[in-house]
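Trainee: Got a structure here, written out as structure tokens. Questions coming.
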Amino acid sequence: MMLKGKTAIGPGLLFTFMFSSIFGYEIMQLPLAAAKYGGPNEYWGLVVAFGLSTIVILQLVALQKRFPGKSVVQYLPDVVGTVPGKILGIIYILFLIILLSWTVRAVAEQFNTYFLLRTPAWVIMALTLLSIMYLAYTGIEGITRLASFVFPLSFIFILLSTAISFQFFDPDKVRPVFYVQGYEIPIVALESFYSFFALAVLFVVLPYLTEQNKALKTLVTANTLAFAFTFLLVIAAIGTFGAKGVLRYSWPIMELIKNTNIPFIFQTFGLFFAVAWLSQLFIAAGGFYFAAAQATSELLKGLNYKTVILAFFPAIFILSNLVPSTVSFREWLGYLRLSGFAVVFGFPLLLWILTTLLKRGDLKNAH
């Protein structure tokens, strides 16, 4: 049974929303983390990270079966107690706000680098955050319907981008294929797992799904498809620039696409890819904003999520402006990757273990 006041969404809307969110967030700076710690064989760590993301989906679906119609904020007190549950709920909300703030800053950095060189970053961040706030204000139905609307055209550009990204590919730059030293694979997996942080919104969004029996198939398909495109683009970046060459760029995928072209059709393809990618990223950011606001309204019991969205705006804008430079921005990303792993992977794992051992929730529906 759905929660009071919740808008139901079907598997198709959930699929396009999660594909857009995962791909939009994955592609941001993934080659940087992978190349830094894995060199030319970084892709093996990415495969392990993808496996870990699948485990997260399995855990989230299992938890939803035990607590049908409830978000994580609502069933946490049943698992760990009232006070610890509220504390963990606050940590989850703060994590979503930090993700959103970092995403807003990332969009501003990219616009400053490629399109609006003379525009102050704070202006771009303000306009970006206003757009994301409006999207979140429309609710989960509005966000998922936008994802469904832009999916066909965006998918075409993503497909074309992936195909033409191999235009200057050099196989020697990704060889030897099976040469891995020491702990490179687990380190790359840990550092690159941040690309699946969009899965965190499922703690709040998953209860909206009308056909819960299709949740696992829908999410695994969306996650796999998004990762497949991202994986190919990362391979193309390494094969074009080399592992050390990738580290020269803050946005290696944009540099990759910018240098490619389809003669007689698009002389410069970078702008089209940027539009397609940014549309996916805005959907992911809208999901973060909505999930944080909805979770807060459920935690405080009484506030409408739209009121919370408006109240969050100043704090998110300030957080987005705190990082002083691009170099600092990249350094802070390292801390976010590691701490976020504990939330996105460790949090559902901990809850799944506790609900299993303590036999919490709907035990009949859990199997």
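The values are calculated or read from the model by the stated rules, or taken from the named source; none is laboratory data. Because the structure is predicted, anything quoted here is derived from the model rather than measured. Quick reminder, even Gly has a Cβ in these numbers, built from the backbone with ideal geometry, and neighbours come from all protein chains shown.
Trainee: Scan region 112-119 and give yes if some residue there is buried (at least 19 other Cβ atoms within 10 Å of the Cβ) and on the phi < 0 side of the Ramachandran plot, otherwise no. Steps first, please.
Mentor: First, pick out the residues of region 112-119 that are buried (at least 19 other Cβ atoms within 10 Å of the Cβ): none.
The answer is no, given that none of the residues of region 112-119 is buried (at least 19 other Cβ atoms within 10 Å of the Cβ) and on the phi < 0 side of the Ramachandran plot.
Trainee: Being at pLDDT below 80 and closer than 19 Å to residue 151 by Cβ is true for just one of 27, 9. Which residue is that? Spell out the reasoning first.
Mentor: Working: 9 fails: at pLDDT below 80.
Result: 27 is the single residue among 27, 9 that is at pLDDT below 80 and closer than 19 Å to residue 151 by Cβ.
Trainee: Next up: Just name the residue that is modelled with the lowest pLDDT out of those in region 317-367 that are among the aromatic types (Phe, Trp, Tyr) and either surrounded by fewer than 13 Cβ atoms within 10 Å (Cβ to Cβ) or out of contact with any Asp or Glu (no Cβ under 8 Å at 6 or more places or on another chain) (or both).
Mentor: Of the residues in region 317-367, the ones among the aromatic types (Phe, Trp, Tyr) are 317, 329, 332, 335, 341, 345, 347, 352.
Checking the rest, the ones that are also either surrounded by fewer than 13 Cβ atoms within 10 Å (Cβ to Cβ) or out of contact with any Asp or Glu (no Cβ under 8 Å at 6 or more places or on another chain) (or both) come to 317, 332, 335, 341, 345, 347, 352.
Working: 317: 90, 332: 68, 335: 73, 341: 86, 345: 90, 347: 88, 352: 89.
Among those residues, the one meeting the criterion is 332.
Trainee: Within region 195-203, is even one residue aliphatic (A, V, I, L, M) and either closer than 13 Å to residue 9 by Cβ or not in a helix (DSSP H, G or I) (or both)?
Mentor: Taking region 195-203 first, the residues aliphatic (A, V, I, L, M) are 198-202.
Narrowing the set further to residues that are either closer than 13 Å to residue 9 by Cβ or not in a helix (DSSP H, G or I) (or both) leaves 201-202.
Yes, that holds for at least one residue.
Quick grid of which residues meet (1) among the aliphatic types (A, V, I, L, M); (2) touching an Asp or Glu at 6+ places or on another chain (Cβ under 7 Å):
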{"site": "173", "(1), (2)": "no, no"}
{"site": "193", "(1), (2)": "no, no"}
{"site": "198", "(1), (2)": "yes, no"}
{"site": "216", "(1), (2)": "yes, no"}
{"site": "220", "(1), (2)": "yes, no"}
{"site": "239", "(1), (2)": "no, yes"}
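Trainee: Is there a residue in region 144-154 that is of a type outside the set (D, E, K, R), in a helix (DSSP H, G or I), touching a strand residue (DSSP E or B) at 6+ places or on another chain (Cβ under 9 Å) and within 30 Å of residue 257 (Cα to Cα)?
Mentor: Keep residues of region 144-154 that are of a type outside the set (D, E, K, R), which gives 144, 146-154.
Within this subset, residues satisfying the condition of being in a helix (DSSP H, G or I) are 144, 146-154.
Subset that is touching a strand residue (DSSP E or B) at 6+ places or on another chain (Cβ under 9 Å): 144.
Narrowing further to those that are within 30 Å of residue 257 (Cα to Cα): 144.
Looking for residues that are of a type outside the set (D, E, K, R), in a helix (DSSP H, G or I), touching a strand residue (DSSP E or B) at 6+ places or on another chain (Cβ under 9 Å) and within 30 Å of residue 257 (Cα to Cα), one finds at least one in region 144-154, hence yes.
Trainee: Answer yes or no: is there a residue in region 150-159 that is out of contact with any Phe, Trp or Tyr (no Cβ under 6 Å at 6 or more places or on another chain), surrounded by fewer than 20 Cβ atoms within 10 Å (Cβ to Cβ) and closer than 30 Å to residue 295 by Cα.
Mentor: From region 150-159, those out of contact with any Phe, Trp or Tyr (no Cβ under 6 Å at 6 or more places or on another chain) are 150-156, 159; that's our starting set.
Narrowing the set further to residues that are surrounded by fewer than 20 Cβ atoms within 10 Å (Cβ to Cβ) leaves 150, 152-153, 155-156, 159.
Okay, now just the ones that are also closer than 30 Å to residue 295 by Cα, so 150.
Looking for residues that are out of contact with any Phe, Trp or Tyr (no Cβ under 6 Å at 6 or more places or on another chain), surrounded by fewer than 20 Cβ atoms within 10 Å (Cβ to Cβ) and closer than 30 Å to residue 295 by Cα, one finds at least one in region 150-159, hence yes.
Trainee: How many residues, within region 120-142, are closer than 14 Å to residue 282 by Cα and surrounded by fewer than 14 Cβ atoms within 10 Å (Cβ to Cβ)?
Mentor: 2
Trainee: What about residue 191, is it of a type in the set (Asp, Glu), at pLDDT below 90, closer than 26 Å to residue 162 by Cβ and more than 17 Å from the chain's Cα centre (by Cα)?
Mentor: Values: of a type in the set (Asp, Glu): yes; at pLDDT below 90: yes; closer than 26 Å to residue 162 by Cβ: yes; more than 17 Å from the chain's Cα centre (by Cα): no.
Spelling it out, it is not the case that residue 191 is of a type in the set (Asp, Glu), at pLDDT below 90, closer than 26 Å to residue 162 by Cβ and more than 17 Å from the chain's Cα centre (by Cα).
Trainee: Determine, yes or no, whether residue 2 is at pLDDT below 75 and surrounded by fewer than 19 Cβ atoms within 10 Å (Cβ to Cβ). Outline the logic, then answer.
Mentor: Details: at pLDDT below 75: yes; surrounded by fewer than 19 Cβ atoms within 10 Å (Cβ to Cβ): yes.
So residue 2 fits the description; yes.
Residue by residue, here is whether (1) touching a helix residue (DSSP H, G or I) at 6+ places or on another chain (Cβ under 7 Å); (2) over 17 Å from residue 44 (Cα atoms) holds:
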position: 127; (1), (2): no, yes
position: 155; (1), (2): no, yes
position: 163; (1), (2): no, yes
position: 166; (1), (2): yes, yes
position: 169; (1), (2): yes, yes
position: 188; (1), (2): yes, no
position: 191; (1), (2): yes, no
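Yes/no per residue for (1) over 21 Å from residue 43 (Cβ atoms); (2) in a helix (DSSP H, G or I); (3) modelled with pLDDT under 80:
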| residue | (1), (2), (3) |
| --- | --- |
| 213 | yes, yes, no |
| 218 | yes, yes, no |
| 230 | no, yes, no |
| 237 | no, yes, no |
| 240 | no, yes, no |
| 245 | no, yes, yes |
| 253 | no, yes, yes |
| 264 | yes, no, yes |
| 272 | yes, yes, yes |
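Trainee: Residue 107 is checked against (1) closer than 29 Å to residue 240 by Cβ; (2) of a type outside the set (S, T, N, Q); (3) surrounded by fewer than 19 Cβ atoms within 10 Å (Cβ to Cβ) and fails just one. What number does that condition carry?
Mentor: It is condition (3) that residue 107 fails.
Trainee: How many of the residues making up region 70-103 are surrounded by 22 or more Cβ atoms within 10 Å (Cβ to Cβ) and of a type in the set (S, T, N, Q)?
Mentor: The qualifying residues number 3.
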